[in-house]
Amino acid sequence: MKKMVIVSALLVFAASFVNAQQQKPDAAVKEAQAKLIKQAAETAERVQAESGQPVNTRIDLTITDDRGTGQPISKSVSIMTADRYWGRIRTQGEVTTADNRRLPVILNVDARPTLLRDNRVRVELTIEYRPAIDAFMAPPAAAGSKADSNGLPPNVNESLAVVLEDGKPVLISQSADPISDRKVKVEAKLTILR
C-alpha cells in the first residue's frame, strides 16, 4: 500500500510536470502568434501609409510674370495626381529671334501631394519657367534688365514644400529679378477630388 501511494504520488508529480512542460510551449506559441499578428498589422498600416489614400488631387498653379512695365504675363498649369504620387508636366517650345536664333520657352512643373487631416495637403513642388524672349523684351523690359549671355531671358527655378487647404488659393512664392523690377509670382490652389 505504501508503494502504491508512492507510485501514485510519482505519477501525479510526473503528470503535473509533463502538463507544465506542455503548457509552456502553448503559452510561448500564443505569445509568438500575438507578436506576429501585431507585426503584420503594423506592416499593413505602414504599407498603406506609404502608398497613400485612394484619393486624387488637382493642383492649379497661376504664374504671373510682371516685368515692371506693360501688362503682366500670366500662365496657368493644372496637374492631377493621386495621394503620395508624383505628377509631372513638361512643356517646351522654341521661338525664333529676329537674327534667326532659336531659343527655348519652358514651363515645367513637378508635384507630389500628401494628404494630411482636416482637408489639408502637403505638396512638394518644383517649377521651372522661362518665357519667350519677345514676351520678355516687348514692351522693353525695365532698365538694367537683360537676357543672359546666350540671349535667354532670366529663368525661374523653384523647389518648395507647402501645406495647402482644399479650395483655398495661396501665394506660394514671389521671386525677384536681381537686376530689374521683374517679379514672378506663383499662386497655388488645391482641390481634393473625392
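Laboratory data are not the source of any read-out in this text; all were calculated from the coordinates shown. Treat the numbers as computed from the prediction; the structure is a model and nothing was measured. Here Cβ is always computed from backbone atoms with ideal geometry, including for glycine, and neighbour counts include all displayed protein chains.
When only the Cβ of Lys, Arg, Asp and Glu is charged (+1, +1, -1, -1), the dipole of the range 27-127 relative to its Cα centre reaches about 200 debye.
Database remark: amide H of residue 173 closer than 5 angstrom to the amide H of 186 (H placed geometrically; neighbours at sequence offset of 5 or more, or on other chains; Pro and chain starts carry no H).
Phi angles across the range 170-175 convert, under the Karplus curve 6.51 cos²θ - 1.76 cosθ + 1.60 with θ = phi - 60°, into 3J(HN,Hα) values of 9, 6, 9, 7, 8, 10 Hz, Gly and Pro given as x. Between residue 84 and 114, 115, the built amide H atoms are under 5 Å apart, and every one of these is 5 or more places off in sequence or on another chain. In this structure the amide hydrogen of residue 95, modeled in the peptide plane, comes within under 5 Å of the amide hydrogens of 103, 105, none closer than 5 places in sequence on its chain.
Each residue of the range 73-81 is assigned a 3J(HN,Hα), and the resulting list reads 8, 10, 10, 10, 9, 10, 9, 10, 8 Hz, derived from the Karplus form 6.51 cos²θ - 1.76 cosθ + 1.60 (θ = phi - 60°), x at Gly and Pro. Note on residue 174 and residue 122: the extension gain reaches 16.8 nm, defined as 0.36 nm multiplied by sequence separation minus the Cα-Cα distance. Can you compute the FRET efficiency between residue 86 and residue 38 using 1/(1 + (r/R0)^6), with r the Cβ-Cβ distance and R0 = 25 Å? Round to the nearest 0.05. The calculated FRET efficiency here is 0.15.
3J(HN,Hα) couplings calculated from phi for the range 103-117 with the Karplus curve 6.51 cos²θ - 1.76 cosθ + 1.60 (θ = phi - 60°) are, in sequence order, 10, x, 10, 10, 8, 10, 9, 10, 9, 9, x, 10, 5, 10, 10 Hz; Gly and Pro show x.
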